[in-house]
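Visitor: Handing you a structure now.
The values are calculated or read from the model by the stated rules, or taken from the named source; none is laboratory data. These numbers come from a predicted model, not from an experiment. Backbone-built Cβ (ideal geometry, glycine too); neighbour counts: all protein chains shown. Keep in mind that these areas ignore ligands, DNA and RNA; they rest on the heavy atoms of the full protein, side chains included. Shrake-Rupley method; radii C 1.70, N 1.55, O 1.52, S 1.80 Å.
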Amino acid sequence: MDWRRIPPSALIGLVLTLAIVFIALFAPWIAPYPTGTVVGDVWAPMSDKALLGTDNLGRDLLSRMIHGARVTLMIAGAATVLLVDEANSQ
């Protein structure tokens with residue numbers, strides 16, 4: 001495979017997709033806190049405890065986004081499978 005022939009936009013998309021897959025696979029070890037852990041006040045701004053702040057229950061938004069990568073990949077995979085199945089049946 002000649003990497004010089006891949007368009008830059010496709011290479012960027014490939015790198016981002018691989019990064020999201022990596023994050024989703026290793027979410028329990030990458031995320032600073034478990035999903036439901038309350039770490040601060042309600043809607044607290046960014047701090048050293050919560051890098052992206054907290055939500056309406058005081059949970060860390062970064063941890064929730066990292067764990068949400070799994071759900072995002074499952075939905076994207078299901079949509080792709082359904083689309084391919086629909087395209088093949090026509």
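Visitor: Which one is nearest to A24 (Cα to Cα) among residues in the stretch 34-90 that are polar (S, T, N, Q) and not in a helix (DSSP H, G or I)? Break it down stepwise before answering.
Guide: Within the stretch 34-90, the first condition is being polar (S, T, N, Q), and the residues that meet it are 35, 37, 47, 54, 56, 63, 72, 80, 88-90.
Imposing the further condition that a residue be not in a helix (DSSP H, G or I) reduces the set to 35, 37, 47, 54, 56, 90.
Details: T35: 13, T37: 19, S47: 24, T54: 21, N56: 24, Q90: 33 Å.
This residue is T35.
Visitor: Going by the conditions given, is S9 out of contact with any helix residue (DSSP H, G or I) (no Cβ under 6 Å at 6 or more places or on another chain) and exposed (fewer than 10 other Cβ atoms within 10 Å of the Cβ)? Show your work before the answer.
Guide: Working: out of contact with any helix residue (DSSP H, G or I) (no Cβ under 6 Å at 6 or more places or on another chain): yes; exposed (fewer than 10 other Cβ atoms within 10 Å of the Cβ): yes.
Taking the combined requirement at face value, the residue satisfies it.
Visitor: Here's something else I'd like to know. Of the residues that make up the stretch 35-53, is at least one open to solvent by 100 Å² or more (accessible area, probe 1.4 Å) and either in contact with a Phe, Trp or Tyr (Cβ under 6 Å, 6 or more places away or on another chain) or β-branched (V, I, T) (or both)?
Guide: no
Visitor: What number goes with the only condition from (1) of a type in the set (D, E); (2) modelled with pLDDT under 95; (3) surrounded by 12 or more Cβ atoms within 10 Å (Cβ to Cβ) that E86 does not pass?
Guide: If we test E86 against (1) of a type in the set (D, E); (2) modelled with pLDDT under 95; (3) surrounded by 12 or more Cβ atoms within 10 Å (Cβ to Cβ), just (3) comes out false.
Visitor: Then there's this: May I ask you to list the residues in the stretch 1-33 that are aliphatic (A, V, I, L, M), modelled with pLDDT of 95 or more and part of a loop (DSSP other than H, G, I, E, B)?
Guide: A31
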